[in-house]
Amino acid sequence: MHIDSLMLGYMFHQQRNQPAAADNGFLAPVLSDFLALAFGLGLGFMIPAHSAVARADTREAQNKAPIAAGFDDWKNGTGSPDDHLADNATWTIAGNSLASRTYHGREDFLANVIRPFNARMSGRLIPDVRHIYADGDTVIVHFDAAGTARDHKPYRNSYAWFFTVRGKRMVDATAFYDSTASNDFWRRMRPDA
């Protein structure tokens, strides 16, 4: 129990034992004991609940930090969110795009999605983050991204990526985006041409 809760309970108990100006009968001592117990126990349970909320907020902030840093690095051309992807992570591209499937391991994802995608671009794809949300170990990033393909046509898409974070590493990801825009981009050119 928290020390403040014990002190309040003790104060109610002491108040009961003080001489009263009038005899309050049987109810006053019983009520006093009840209030002592209620405050002593009740507040003791409230304090840890507050601490649990603070710990959750801290954990969520810690989980968001590497993701936000990865997106900042990507936007600035100094890195990417993939830098925080665990070696054994799974990455699922949802939907019906040509790239839709589950990739097992960081290298599988980089070799079959990121490198072929970048090889089709004439410059960098640049993200514009709309929101980053965190709930426990889940971090969600809603963003738009734009760049120019090697055929000089623009590529634009909107994304929602859901990450599970453990120890500042992304261990699982699920990506949603416009499959039509992605498929058009993927089909227009080959990465090795």
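Just so it is clear, none of the values below were taken in a lab; they were calculated from the coordinates. Just so it is clear, the model here is predicted, and its values are computed rather than measured. In this analysis, Cβ positions are derived from the backbone assuming ideal geometry, glycine residues included, and neighbour counts consider all displayed protein chains.
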Query raised in the report: Tell me, how many Å apart are the Cα centres for region 146-162 and for region 173-193?
Result: 9
Query raised in the report: Working out 0.36 nm times the residue gap between ARG150 and SER122, then minus their Cα-Cα distance, what length gain in nm do you get to one decimal?
Result: 9.6 nm
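Among 94-101, 171-178, what's the highest-first ranking by average C-beta atoms within 10 angstrom per residue?
On the way: 94-101: 14.9, 171-178: 18.0.
Descending mean neighbour count gives 171-178, 94-101.
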Requested in this report: Step through the residues of region 153-159 one at a time and calculate ³J(HN,Hα) from phi using the Karplus curve (6.51 cos²θ - 1.76 cosθ + 1.60, θ = phi - 60°), rounding each to whole Hz and writing x for Gly and Pro.
Outcome: 8, x, 10, 9, 7, 10, 10
Query raised in the report: Across region 96-113, in residue order, what do the Karplus-derived ³J(HN,Hα) couplings come to in whole Hz, using 6.51 cos²θ - 1.76 cosθ + 1.60 with θ = phi - 60° and x for Gly and Pro?
Result: 10, 6, 5, 9, 5, 4, 9, 9, 10, x, 4, 5, 4, 5, 5, 5, 9, 10
Report summary line: Summed over the other residues with a beta carbon less than 13 angstrom from that of LYS64, with K and R at +1 and D and E at -1, the charge totals -3
Query raised in the report: With no solvent and one point per C-alpha, what does the Debye sum give as log10 I(q)/I(0) for region 43-192 at q = 0.14 Å⁻¹?
Result: -0.69
Query raised in the report: Given N residues in region 123-193, what is Rg(Cα) / (2.2 N^0.38 Å)?
Result: 1.30
Report summary line: Between the modelled labels at TYR133 and LYS168 (7 Å from Cα along Cα→Cβ) the distance in nm is 2.7
Query raised in the report: Given the Cα-Cα distance of PHE176 and ASP87 and 0.36 nm per residue of separation, how much length would full extension add, in nm?
Result: 29.9 nm
Query - Student exercise, region 54-145 dipole from Lys, Arg, Asp, Glu Cβ charges, in Debye to nearest 20 - result: 220
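Which semi-axes, in whole Å and largest first, does the equivalent ellipsoid of region 63-126 have when worked out from the alpha carbon gyration tensor as the square roots of 5 times its eigenvalues? Let's see the in-between values first.
Values: eigenvalues 76, 55, 22 Å².
Ellipsoid semi-axes (Å, largest first): 19, 17, 10.
Using per-residue counts of other Cβ atoms within 10 Å, averaged over each peptide, order 128-136, 70-78, 82-90 from highest down. List each step's numbers first, then the result.
Details: 128-136: 13.3, 70-78: 15.2, 82-90: 16.9.
With the highest mean Cβ count within 10 Å placed first, the list reads 82-90, 70-78, 128-136.
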